[in-house]
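Everything on this sheet refers to the single structure shown next.
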Amino acid sequence: SRSGGYQGLSFSIPINVAMSIAEQLKEQGYATRGWLGVAIQNVDQALAQTFGLERPHGALVASVSDGGPADKGGIEQGDVILEFNGRPVPTSSSLPPLVGAVAPGEEVEVTVMRGGKERTLEVTIDALDVEHRQAGAGGSPGSSSAPLGLSIRPLDNEELADLGVESGVLVAGVEPGSPAEMAGFRQGDILLSIDNVAIGSADDIAELVEKVPAGKPVAVLVQRGSSSLFFAMNMPRE
């Protein structure tokens, strides 16, 4: 536009974050932001039900960085962060600005939902230092889980170590129209757990299918590339 602005676009930074950055730039010539050390995702209606929430809200912890602030403070994979430093967390996108506004070294209270119960943890925030670790898996199919529509292959100890997980199976194929495809499985995923039960073989899946009521939504945890991801899946019957 003639005024030199950007027409039709809006960029915003929370005022407390902007003030903190400005103050740091003035005092030390550079700015640092708080780091919690978690990968998070939104909670939809189906996931809310599986995690004991009355409605979809909060930030679901898909993974926790080893040795990071969250890990040291007791936050676990599968926790749903409801409040951070006295502020509500309505969605996953609400959390990063809240964390970034906290000075490294400051201790904050984090309220999470775990196992259907709320608990408050004390976490000391660290400085943001982004690192990426890649993991992969290969191989050919070895067995299948017909009720879910998955073709899977067990992982040997070396593969598990390379992936940084204690157990899991490789998703070698997903049947079109199956419960697995509708839930969001992709070829190449590493299936880690179903309904908070670790998966290491097709037999583990078959046992769960027998135990869990048909149609009940359960939380599924997979590793996809270097990220962990939760989604909900309705359990079938054989």
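Every number in this text was worked out from the coordinates using simple rules, so none of it is lab data. Keep in mind that this is a model prediction, so the values were computed, not measured. All Cβ positions, glycine included, derive from the backbone under ideal geometry; neighbour counts span all protein chains shown.
Brief remarks on what is shown
- Selection of trypsin sites (Lys or Arg not before Pro), segment 151-237, meeting DSSP coil and at most 13 other Cβ within 10 Å: Arg186, Arg237
- Expressed as a fraction of 2.2 N^0.38 Å, the C-alpha radius of gyration for segment 143-234 is 0.98.
- Scanning residues 5 or more positions from Ser63 or on other chains, those with amide H under 5 Å from its amide H are Ala39, with H placed 1.01 Å from N in the peptide plane.
- Close amide-amide hydrogen proximity is noted between Thr91 and Gly58, each under 5 Å apart and 5 or more residues distant or on a separate chain (H modeled in the peptide plane; Pro and chain starts excluded).
- Distance histogram for segment 32-127 (every C-alpha pair counted, 5 angstrom bins, percent rounded to whole numbers): 3, 16, 27, 28, 16, 7, 3, 0
- Treating r as the C-beta distance of Ser65 and Arg186 and R0 as 22 Å, the FRET efficiency rounds to 0.40.
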